[in-house]
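**Student:** Please find one structure pasted underneath; my questions will follow.
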Amino acid sequence: MRPKPCLALLAVILSLAIQAANAADCPAQSGGFEDIAAALNKAPNCLKAMQVHEACEYGVSGDLALCRGASGRLSEACRNVESRVDELNAIVKKKCDAEAAKSPVQEECPAKSSMMDDIVAVLEDASSCDRAIKVFQACEYGTSGDIRFGAVVEKKCEANFLGQLKEPQKLAYRRELRSCDRKYANEQGTMYRSFTAFCRAEVAQRYSRRALEAGGPSRSR
């Protein structure tokens, strides 16, 4: 006997999250809610928790479109999935909030206003690559606007090393920048563009520090 349509849909809804969590990068032991929650709780920091959350993808918004207008047992199953998604989001938020509370007080943005051109001006006037990073952190928008700020920081840092790199080193540097671009390429939301901008800026900062530790931009690496 074939299951009734409502019960068939119910089975689909109950398996949505588990199917979604079978991504290769998901570190949870299984696609079950408890295992994903355990993986999130074991994450050592906010960023890692976010990465686990993204990789495991508990709940799929496209498939959950089946829930629209649902009633009875199907509606109850939909609410159960949505509730668990909220619980996983709460774990990530709690970890990130706790990390933020332990962080040292961040300096105020030194720009004369929050206008983009004013922030770009103080970034360009930063005395060093490291200082530019700190200004970037203080003035960030947390949105796609950070792409422009990050580009200014990259240029500031690259002045310390880019002209001194040999071709294989330049290729390695570009490869690391592209890795930042790919990292959040499939994520929706402008905050991920900000994450990308910071990732690229931090890559440039690492190369800048290596060059300076090796004797400054006058010496090639």
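**Student:** For the range 116-213, what relative contact order do you get, as a whole percent, if you take Cα pairs closer than 8 Å and at least 6 residues apart? Please report the intermediate quantities before stating the final value.
**Tutor:** Details: 105 pairs, mean separation 36.5, N = 98.
Worked out over the range 116-213, it gives 37 percent.
**Student:** What shape does the range 116-213 have by the C-alpha gyration tensor, where a ≥ b ≥ c are the square roots of the eigenvalues, rounded means a/c under 1.5, and otherwise prolate means a/b greater than b/c and oblate the rest? Before the final figure, lay out each step's value.
**Tutor:** Values: a/c = 2.48, a/b = 1.17, b/c = 2.11.
Oblate.
**Student:** Stretch Asp181-Lys94 to full length: gain in nm at 0.36 nm per residue minus the Cα-Cα span? Before the final figure, lay out the partial values.
**Tutor:** Values: separation 87, 0.36 × 87 = 31.32 nm, distance 2.72 nm.
Answer, rounded to one decimal: 28.6 nm.
**Student:** Further, regarding this structure: Could you tell me which of the pairs Lys42/Lys94; Lys112/Lys134; Lys112/Lys183; Lys42/Lys183; Lys112/Lys156; Lys42/Lys102 are separated by over 24 angstrom between their Cα atoms in the structure shown?
**Tutor:** Numbers: Lys42/Lys94 13 Å; Lys112/Lys134 16 Å; Lys112/Lys183 33 Å; Lys42/Lys183 22 Å; Lys112/Lys156 20 Å; Lys42/Lys102 18 Å.
Long pairs (Cα-Cα over 24 Å): Lys112/Lys183.
**Student:** Would you mind calculating the gained length between Lys48 and Arg206 on full extension (0.36 nm times residue separation, minus the Cα-Cα distance), in nm to one decimal? Before the final figure, lay out the partial values.
**Tutor:** Values: separation 158, 0.36 × 158 = 56.88 nm, distance 2.02 nm.
The Lys48-Arg206 span can extend by a further 54.9 nm.
**Student:** Report the gain in length on full extension from Ser114 to Glu87: 0.36 nm times residue separation, minus Cα-Cα distance, nm rounded to one decimal. Present the calculation step by step, with values, prior to reporting the outcome.
**Tutor:** Working: separation 27, 0.36 × 27 = 9.72 nm, distance 3.47 nm.
That pair, Ser114 and Glu87, stretches by 6.2 nm at full extension.
**Student:** Could you order peptides 32-39, 181-188 by the average number of other Cβ atoms within 10 Å of their residues, highest first?
**Tutor:** Working: 32-39: 18.4, 181-188: 11.6.
Packing proxy ranking, top to bottom: 32-39, 181-188.
FYI, it's all coordinate maths here, none of it is from the lab. Just so it is clear, the structure is predicted and the values come from calculations on it, not from any experiment. For neighbour counting, all protein chains shown are included, and Cβ atoms are generated from backbone atoms with ideal geometry for every residue, glycine included.
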